[in-house]
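Below is one structure; the comments refer to it alone.
The values are calculated or read from the model by the stated rules, or taken from the named source; none is laboratory data. As the structure is a prediction and not an experimental result, all values here were calculated from the model. For neighbour counting, all protein chains shown are included, and Cβ atoms are generated from backbone atoms with ideal geometry for every residue, glycine included.
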Amino acid sequence: MKINDTLSGLALLALSLLILYTVSSYPVIPGQNIGPGAFPGLLAGLLALCSVLLILKGLKAKKHEDWVVIGGWVKSWFHLRNFLVTVGCLFFYIYLSDFLGFIICGTILLAVMFAALEVRAKVILPIAIIVTLVIHFIFYKGLRVPLPWGLLMPIQW
């Protein structure tokens, strides 16, 4: 799928303006020259500048392109199915991760996605479990991100 640069630029400009509006309400820290909104505001300003340049590039294009060109993958059942599986997995994790926990959800999600990608059946579950445990270890122990335990709450490590 190809989206005209003008539309992409407008969407990014709207995002940057929303970020700038949001960080403008961040509190000022007494005695500090730079508050909590400085870095996000700087990045949003740079994004706005790049967005304007992208909009101008799209408007100055020599050939007039369609606003949106649908790609061939939309007609491919394999690609469309994998897209729908990915969206379904995201909703599954959003709604059930607190109840089931990261380890159970991650293993199920990876197994479903591996199956959708036609990975050999006998390696799906071992790889899904190992990858989920590695990701959990990196985030929970290394980065100290509190991932939900869900049903495994009694056996935290």
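Test residue 19 against the stated conditions and say whether it is over 20 Å from the mean Cα position of the chain (by Cα) and either of a type outside the set (Phe, Trp, Tyr) or in a helix (DSSP H, G or I) (or both).
no
Restricting attention to the stretch 110-136, report how many residues are surrounded by 12 or more Cβ atoms within 10 Å (Cβ to Cβ) and either among the hydroxyl-bearing types (Ser, Thr, Tyr) or in a helix (DSSP H, G or I) (or both).
18
So residue 66 ticks every box in (1) exposed (fewer than 11 other Cβ atoms within 10 Å of the Cβ); (2) touching a residue at least 60 places away in the same chain (Cβ under 8 Å); (3) part of a helix (DSSP H, G or I) but one. Which box is left unticked?
(3)
Here are some residues: 28, 85. Which one is under 22 Å from the mean Cα position of the chain (by Cα) and either under 30 Å from residue 117 (Cα atoms) or loosely packed, with under 13 Cβ neighbours inside 10 Å (or both)?
Only one candidate passes the filter, namely 85.
Could you tell me whether residue 94 is hydrophobic (A, V, I, L, M, F, W, C), closer than 30 Å to residue 11 by Cα and either in contact with a Lys or Arg (Cβ under 9 Å, 6 or more places away or on another chain) or modelled with pLDDT under 95 (or both)?
no
Considering 145, 131, 68, which residue is touching a helix residue (DSSP H, G or I) at 6+ places or on another chain (Cβ under 8 Å), at pLDDT below 95 and over 28 Å from residue 12 (Cα atoms)?
145
In this structure, is residue 104 in a helix (DSSP H, G or I), surrounded by 13 or more Cβ atoms within 10 Å (Cβ to Cβ) and touching a residue at least 40 places away in the same chain (Cβ under 8 Å)?
Judged against the criteria, residue 104 is a match.
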